[in-house]
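Take a look at the structure set out below.
The values are calculated or read from the model by the stated rules, or taken from the named source; none is laboratory data. Worth saying up front: this structure is predicted, and the values here are computed from it rather than measured. In this analysis, Cβ positions are derived from the backbone assuming ideal geometry, glycine residues included, and neighbour counts consider all displayed protein chains. With ligands, DNA and RNA removed, areas are computed over all heavy atoms of the protein, side chains included. Shrake-Rupley method; radii C 1.70, N 1.55, O 1.52, S 1.80 Å.
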Amino acid sequence: MGTFCSVIKFENLQELKRLCHWGPIIALGVIAICSTMAMIDSVLWYWPLHTTGGSVNFIMLINWTVMILYNYFNAMFVGPGFVPLRWKPEISQDTMYLQYCKVCQAYKAPRSHHCRKCNRCVMKMDHHCPWINNCCGYQNHASFTLFLLLAPLGCIHAAFIFVMTMYTQLYNRLSFGWNTVKIDMSAARRDPLPIVPFGLAAFATTLFALGLALGTTIAVGMLFFIQMKIILRNKTSIESWIEEKAKDRIQYYQLDEVFVFPYDMGSRWRNFKQVFTWSGVPEGDGLEWPVREGCHQYSLTIEQLKQKADKRVRSVRYKVIEDYSGACCPLNKGIKTFFTSPCTEEPRIRLQKGEFILATRGLRYWLYGDKILDDSFIEDTQE
């Protein structure tokens, strides 16, 4: 009993709230539908107890489901790892290279970024994923990527079972009476043959599950390809964007310098081992990272400081002329604004008439930026 209580703590139970979100609800719903229908159709199409092939097929199907759920919950509940509150580097002079987070009251460690959804500075933050309702970062990058690999593989297996089940059902059908005719759904030859009913509802459900499986294979497979591409370069999605902005800044100002990404070890295998290890624990402590020759620990953070200063120079300042509640899809701002709402979970900034914002980029009806709290930036504004 004592061991059980030591594993399940109040903090762990609090993490269960992550399930109460549209992302995990949809993701787990798709997994449940595809897995359940695949097991049912597998029993009907290829009975697992009488043949070796049927047993292997059924065991593999269960294996996919277990591994997918294991890595999914690992990515969700283990989390990315957060920079300790009030953290600062051991060498006090190094603080000049780092940004300070007022929310966490700590300096942002190299490769870390503050997540507005998690409200913490995340170590080696890649992105905030709504499907796991958590960030993908230092501690759960491997589990998240394995989930992206296993989900399409499991869906391909399930899709094959769905296709074979429907093919067998149609091939062996005796008439068009969906609700009255009993059909042999077994691909394995057995004596006596099992006769099971397969109605229109079962056929429609199998077809629906097939669509989910194929859609998941394409969508999640593309995400896996993107993740592996950045892992083999030892980057994150945010760092790829920082590198592009660095090249843009150098080109814009026509500077005589070359930006070198500091964390690329020069070998895809060495970059791969930074995330995937036999122990399951990623290398390092999430605060300090090995860098390539000619770079140092704060090369990327220095570039971020340059981009931040450049962003303020090149950004446009606007004056708010109408109150905005911060709603995700505001109906009172017009139909066009409502239907062109950005597809992102980033919080909208609540604004009042007379306030000022610093916009870094924008769409036709939406702007991305921050509210200006410092009066020194109020000059040269637009309405």
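The requirement of being farther than 21 Å from P290 by Cα, assigned to a helix (DSSP H, G or I) and within 19 Å of the chain's Cα centre (by Cα) is satisfied by I226. Scanning the stretch 286-322 for residues that are farther than 19 Å from I250 by Cβ, assigned to a loop (DSSP other than H, G, I, E, B), of a type outside the set (A, V, I, L, M) and open to solvent by less than 80 Å² (accessible area, probe 1.4 Å) gives G286, W289, P290, Q297. Residues in the stretch 170-185: is at least one at pLDDT below 75, at negative phi and buried (at least 19 other Cβ atoms within 10 Å of the Cβ)? Yes. For the stretch 94-105, the condition of being within 29 Å of the chain's Cα centre (by Cα), within 26 Å of L149 (Cα to Cα), buried (at least 16 other Cβ atoms within 10 Å of the Cβ) and not charged (D, E, K, R) holds for none of the residues. K117 meets the conditions (1) out of contact with any strand residue (DSSP E or B) (no Cβ under 8 Å at 6 or more places or on another chain); (2) open to solvent by 60 Å² or more (accessible area, probe 1.4 Å) in every case but one. The failed one is (1). Cβ-Cβ contacts under 8 Å between residues 6 or more apart (or on different chains), taken from a first residue in the stretch 201-212 that is of a type outside the set (S, T, Y) to a second residue that is open to solvent by 60 Å² or more (accessible area, probe 1.4 Å), are listed as F203/W178; F208/I33; A209/I33; L210/V163; L212/I33. A search for C-beta distances below 7 Å between a residue of the stretch 304-332 that is in contact (Cβ under 8 Å) with a residue 12 or more places away in the chain and any residue that is of a type in the set (K, R) and surrounded by fewer than 12 Cβ atoms within 10 Å (Cβ to Cβ), counting only pairs 6+ apart in sequence or on different chains, returns V320/K353; I321/K353; E322/K353; D323/K353.
Consider S112 carefully, then state whether it is out of contact with any Phe, Trp or Tyr (no Cβ under 7 Å at 6 or more places or on another chain), open to solvent by 50 Å² or more (accessible area, probe 1.4 Å) and within 20 Å of Q304 (Cα to Cα).
So S112 does not fit the description; no.
Select from the stretch 335-383 the residues that are assigned to a loop (DSSP other than H, G, I, E, B), over 23 Å from H128 (Cβ atoms) and modelled with pLDDT under 80 and list them in ascending order.
Scanning the stretch 335-383 gives R364, Y365, I372, L373, D374, I378, E379, D380, E383.
Considering each residue of the stretch 346-370, count those that are open to solvent by 40 Å² or more (accessible area, probe 1.4 Å) and either touching a strand residue (DSSP E or B) at 6+ places or on another chain (Cβ under 7 Å) or of a type in the set (V, I, T) (or both), and give that number. Number satisfying all stated conditions: 9. Applying a threshold of 8 Å to beta carbon distances and a minimum spacing of six or more residues, or different chains, the list of pairs starting in the stretch 66-91 at a residue that is farther than 20 Å from D126 by Cα and ending at one that is of a type in the set (S, T, Y) and crowded, with 16+ Cβ neighbours inside 10 Å reads W87/Y107; K88/Y107; P89/Y107. If you go through the stretch 120-165 and pick out every residue that is among the basic types (K, R) and open to solvent by 20 Å² or more (accessible area, probe 1.4 Å), you end up with 1.
Looking across the stretch 53-72, the residues that are open to solvent by less than 70 Å² (accessible area, probe 1.4 Å) and of a type in the set (F, W, Y) come down to F58, W64, Y72.
The residues on offer are V43, V56, V30, and the sole one that is part of a helix (DSSP H, G or I) and within 24 Å of the chain's Cα centre (by Cα) is V30.
Of the residues making up the stretch 239-264, just one is under 18 Å from the mean Cα position of the chain (by Cα) and either buried (at least 19 other Cβ atoms within 10 Å of the Cβ) or assigned to a loop (DSSP other than H, G, I, E, B) (or both), namely E239. In the stretch 38-52, the qualifying residues are those that are open to solvent by less than 30 Å² (accessible area, probe 1.4 Å) and in contact with a Ser or Thr (Cβ under 6 Å, 6 or more places away or on another chain), and the one that is nearest to P152 (Cα to Cα) is D41.
Counting residues in the stretch 257-276 that are modelled with pLDDT under 90 and either among the charged types (D, E, K, R) or under 25 Å from C129 (Cα atoms) (or both) gives one or more.
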